[in-house]
Amino acid sequence: MKFWSVPSIMIVVLALCAFLAGGFALVGGLGKHKANHSAVRERPKAANAEPVTDCHESRAAYTVVTRAENAVPKYGYPNVKCSKTTGGVLWYGDPFDGTIAMGEMPEINDRTHGDFANAVVRPREPHLMYFNMSPDGCVFCHNGKTVPFPKDTKPRLIAMHTDIVENSLQLKHGRGAMWCLDCHSATNRNKLIDRQGNELSFNQPQRLCGTCHGEAYIDWRAGIHGKRIGAWATGGKRRWWVCTECHNPHTVQINRFDPIKPELPPPLPRGMNSANHERLEHGVH
């Protein structure tokens, strides 16, 4: 019969104590983790942790979007994220929310060939509800009775709409060559009008703007002028911004296009103090 020595027994006892101590620590840690996890799970969520704010899509205070929580039920995302730097939209939960088909576009001799089947825009006609008086829009007043139709389209001083143009005889569009009724229908104020007298929808102001600004219009159709988001692939759905969403046609010589303050640059990777290596590798552009 073999007897263990005292040192051997002490080693075994110490090892057993260490094992039991580790086990109790593990169980205690799991219990603590479970308690903390329960506390986090049961902690009430703060209502509206980030307040709903209004931000613009292009021109400030013109194409305003109200941020709403969980506007995209599928993912629980808000409809937009507003920039704290510029007040503009940073990204969209659903970029096509509230859009409509652009509609037919006249075919001209360019690469687009009039194919706008998948183009969508945000409708402009709802903005015709001036002072929210009536769903009839401008026709509510300009019906030939409340406000008589003008006898001609010659420029004259008007008392209304001074918030749009302070002095109608000093309209700057075309450096004074254009007047209100050169673009707005004299008998149907809910429509624009082209040089041939054809009525155009406010949802398609580009068809009017393009009659004079042909070069910019061609570039806009080709996608190298203006703002556009959506699919890159041919035939993919895209949202287009129309001319008046970025340009104010009533103040073109005074304030043609507000420059947008750029966003802050993204943080550099950990351990990198500057991005000067890009200048050395790629050169200054």
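Calculate, in nm to one decimal, what HIS127 and ASN109 gain on full extension: separation in residues at 0.36 nm each, minus their alpha carbon distance.
Details: separation 18, 0.36 × 18 = 6.48 nm, distance 3.26 nm.
3.2 nm is the gain from fully extending HIS127 to ASN109.
How much net charge surrounds PHE96 when only other residues with a Cβ under 14 Å from its Cβ are counted (Lys, Arg +1; Asp, Glu -1)?
Once positives and negatives cancel, what remains is +3.
For the pair THR234/ILE260, report the inter-label distance in nm, with labels modelled 7 Å from Cα in the Cβ direction.
2.9
Return the Rg/Rh value of the range 48-94, two decimal places, where both radii are evaluated on C-alpha atoms and Rh is the Kirkwood radius.
Reported Rg/Rh, Kirkwood definition of Rh: 0.97.
So how compact is the range 179-285: Cα radius of gyration and Dmax in angstrom?
Expressed in Å, the Cα Rg and Dmax of the range 179-285 come to 20.6, 67.
Subtract the Cα-Cα distance of THR251 and ASP219 from 0.36 nm times their separation in residues, and report this length gain in nm to one decimal.
That pair, THR251 and ASP219, stretches by 9.3 nm at full extension.
How large is the Kirkwood hydrodynamic radius of the range 100-246, in angstrom, based on all distinct alpha carbon pairs?
Over the range 100-246, the inverse of the mean reciprocal pair distance is 17.0 Å.
What is the spin-label model distance, in nm, from ALA68 to ASP94 if the labels are put 7 Å beyond Cα along the C-beta direction?
0.9
Within the set of other residues whose C-beta is less than 12 Å from the C-beta of GLU263, count the net charge using Lys and Arg as +1 and Asp and Glu as -1.
Net charge around GLU263: +3.
Taking 0.36 nm per residue of sequence separation and subtracting the Cα-Cα distance, how much length would be gained by fully extending the chain between LYS227 and THR162, in nm to one decimal? Don't skip to the answer; put the middle values down first.
On the way: separation 65, 0.36 × 65 = 23.40 nm, distance 2.94 nm.
Taking LYS227 through THR162 to full extension adds about 20.5 nm, to one decimal.
So, counting K/R as plus one and D/E as minus one, what does the shell of residues with Cβ under 12 Å around ALA71 add up to?
So the environment of ALA71 carries a net charge of 0.
Rule-based calculations on the coordinates, nothing more; no lab input. This structure is a prediction, so every number in the text was calculated from the model and none was measured. Glycine also receives a Cβ, built like all others from the backbone with ideal geometry; neighbour counts cover every protein chain displayed.
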